[in-house]
Each structure stands twice: as structure tokens, then as C-alpha cells.
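Rule-based calculations on the coordinates, nothing more; no lab input. Because the structure is a prediction, the values reported are computed rather than measured. Neighbour counts are summed over all protein chains in view; Cβ atoms, including those assigned to glycine, are modelled from backbone coordinates with ideal geometry.
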Amino acid sequence: MRIIFLLFVFYVSPTYADTLIKSGCSKGYLGVKWFIYEDADGNQYVDQDPRSWECGFDRFLNLNVEKESGDRFNPAIVTVDYKDMLGRNEPWGMVHHSTTVGKAVRVGRDTVYIFGDGRTGDGIFTLGREEIQFRIEEEPVCEVDSRIDCEGYRQNSSQDLIYYGEDDDRVVTWELGVLVYATHYTHGDDLPVGIMGELDEEHPLWDKWQKRVEQYNSIYEESGVHIRYKLSKLWLAHYHNLYDVGTMTTGKPVDVVLGYGTSYVDTCGVARVQTHFREGKPPYSMSRCSVYTDLHEIGHSVGLAHGPENQLWQATGYIFPEFGHGWNDICNGKDDLMSYGREGVFHSNSKLYCDEIFRDWYPAILAGGREWSDTAHALNRVRYGVSLVHKENDYVDPDLRLRPIQSKARRIGIEVID
Ligand SMILES: [Zn+2]
């Protein structure tokens, strides 16, 4: 009998021809109203409404602030408590939400993260008819005083970098723009310097670059670098030097730029060192060898150096002179990829042991040290600043949308060859 009842509930719904014979509130189930219908052939069947207000159905929405303030990376947290009169979860959707500032993202059945969108101050999150207040603040920074940063290390950049503490392992996205080099050989002798076109996801090169970017990301992941590249733009372009690359990508909607396919004579790559990260000025470099070269040059472009004991072109970190540079023979034969060592396949990291990176046996050797080389930490320290070169999540005032963000002013700085 019970089985038949359930079948009726789920598979039969009344049509216009059917006649309602009787209805009433269920005695055993609060909120349930039952109906008895008769169809054109005189057959009777039962239907029910499990959310009948007249039979005692009710539901309650409560919003709670779990974390009152947030910023662009570290969200304010609101919990949604939406239950019926018997304490059962009620379904809800973000289509019924609004927020006066920030971007609200549902991350679970009853949790909403609200990230900053460049505007700060108090905000109101509304869901249905309920609303709750939160606050968006500036991101916290590591202050630099007399060239010593908040961690006690020397820092040769006046920029106070965004900082959430020594143990912060939040992964940050860097939007990568790649300039695929168009050769004179394939495109003719009178090829002008400039971007020739944007290659979209349908282009065969997109897939190739997507795979290459995945390789970058796994090298970073294994090295404990909390950055993941996202292939954002792929351009076909012609250029002769770093100046061309920098000029043609100023103000483009990416965080980092890599020119690929050519470099200076007898080099695998070349980079412009940036020690201060500004909106609309993506760090840039050129590379034409392996994925490790790509990451080596990108590393230079965000302030990493070869190291004081390198085979050639010795230098200490441009931002962090104590540890922001490569080193040779860290995990036995393995070298930091900023050095010229033959096995430059990872980023040194004082928080990891060699066997955690290479899944091989090592006699408890640390894969880096703050006194000599920790390029993973140097990258992690600049990761928020670089990710804000292009502020993809910031609120754009509709009235200002058509104005150019940055002028194409020439940039000066250090060039690093190879
Ligand atoms: Zn180099």
C-alpha cells in the first residue's frame, strides 16, 4: 500500500480534466496537504503538497557572519541557515543574492565567501529578504623599514608586499600572456614590430601552450610555490628585443608576460627585472628553450637572480638579497632552476625536505635555506603583488570603463641576459 502511495506522489500529477474530491492536512506529517482526485474514467488517486503553508509548513532563513571582514584574497564569510519548521535543510540559490560591495561566491551548502573587489568599507549581503553586514578592508602588508621587512630579512624594494604571515599557503593565480614569436622566415622580411593577432582557444597552439602551462604549474606545486599560471592570452607577435615586448604588453589584461621563440644571440632567454609591481605593467621576459628556461626568465622578471655562487652572471636576489636567488647542488645533484646547474629543475624551499620534492631517498636534506637560497619563498612573497598587475576581479565603474588604464610610457630597469 505504501509503495503505491509513493508511486502516485512522484509520477502522477492532476490534469485539468481531473476533479478534486477531497483534501486535508496530513495528521502524521506536519506541513503536508493531501488531495484525492478522480480522473475522467472514474479512477481515484492521491496527490500531496509537502510544503503546504495552511497545513503548518514554515521555513526560516538566518544569515550569520562567521568572519566579519575580508579582502581580495581572504574573504569575509557568511553562513546561510535555511531550514523548514522540522529543521530540514531547505534548498536555496545564489540567484536570490546581492551584495553592495565585493563578490559573493557560494562555496558549500551553507557557506558564502565575499571577496573584495577593490572597493573597501562596509557592505550588505542580501539573500531573499534577509541581509547582513560585513566589511572589506585593504589587504595586510609586510612593512619594510630601513630595508628590513616584517620577517626580518633584507628587502631591496620599497614596496610593502601583501602578506598573511609565514604559514600562508593560499594558492594565487597569475594570468599569463604569451607572445608567440612570428619569424621573418615564415612571415616575410618587412614584418613590423607589434602584435599580429590573438590566438583563441580554438587555435592549435592554445592546446600546446595549455600543456606547457600545466608543466609550469606542476613544477611550482612540487617546489611549494603557491602560484598557478592561467593561460589568459596567446598572441602572435613580432619583436626584436625586451623593449618591444614590454611596450606591446603594457596595459594588457595579464599579470605576467612571456615572449617565446626568440632571444638575444647565444642565449636561451632574457628578462627585464621588476622589483615593484604596478597595475598595467606586467613583468616580461623572452625565452626559447625548455620549460625550465621559461620559469627561469619569468623568475628573473619578478626579482629572482642566479645566486652568488653561480657559474656565470652571479647576483643575489634583486628583491630579497639573502635568499631570492638560485643555488647549485641543493638536493645532491639537483639545482635551483635559477642557477646554471645542469639539473635546474625546481625552486629551492627552506620548508621542504628534498624527498618531499623528488620522492626519492635523501638523508634528511632541506631543499633550501633563508641564508642562502629559497626562491620558492621569494616567489610566494611577491605572488599577491604580481597577481594584482591585472585586477580581473575588481569592480569597474561603468562610467570609467572606456578610459585607458595606463599610458604606454617607457619603463626603465635592469635587464638580465640568459
Ligand atoms: Zn638567468
Expected vector for the range 386-399, Karplus 3J(HN,Hα) from phi with 6.51, -1.76, 1.60 and θ = phi - 60°, integer Hz, x for Gly and Pro, equals 5, 5, 9, 4, 10, 8, 5, 9, 7, 5, 10, 5, x, 6
Using the alpha carbons of the chain, what is the convex hull volume per residue in cubic angstrom, as a whole number?
244
Cβ-based charge dipole, the chain, positive-most Cα from Asn156, Cys142, Leu63
Leu63
Magnitude of the Cβ-charge dipole (Lys and Arg +1, Asp and Glu -1) of the chain about the Cα centre, nearest 20 debye, reported as 480
Sorted from fewest to most neighbouring beta carbons within 10 Å, what does the list Glu371, Glu343 look like?
Glu371, Glu343
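What shape does the range 59-136 have by the C-alpha gyration tensor, where a ≥ b ≥ c are the square roots of the eigenvalues, rounded means a/c under 1.5, and otherwise prolate means a/b greater than b/c and oblate the rest?
Since a/c reaches 1.5 and a/b is larger than b/c, the shape of the range 59-136 is classed as prolate.
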Dipole of the chain, positive direction: furthest Cα of Ala376, Val78, Tyr216, with charges on the beta-carbon:
Val78
Could you sort 63-69, 240-246 so that the peptide with the highest average Cβ count within 10 Å comes first and the rest follow in order?
240-246, 63-69
Which residue, chosen from Cys289, Tyr181, Tyr340, occupies the Cα position most advanced towards the positive end of the dipole of the chain, where the dipole is computed from +1 (Lys, Arg) and -1 (Asp, Glu) charges on Cβ about the Cα centre?
Tyr181
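Taking the highest mean first, how do the peptides 72-78, 47-53 order by number of other beta carbon atoms within 10 angstrom per residue?
72-78, 47-53
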Give me the angle, in degrees from 0 to 90, between the Cα long axis of helix 2-11 and the longest principal axis of the Cα atoms of the chain, rounded to the nearest 10.
60
Just to be sure I understand: of the beta bridges DSSP finds with both ends in the range 59-136, what percent are antiparallel, rounded to 5?
95
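About the Cα centre, and with charges only on the beta carbon of Lys, Arg (+1) and Asp, Glu (-1), how big is the dipole of the range 228-356? Nearest 20 debye, please.
Working: 11 positive and 14 negative charges, 125 e Å.
I would put it at about 600 debye.
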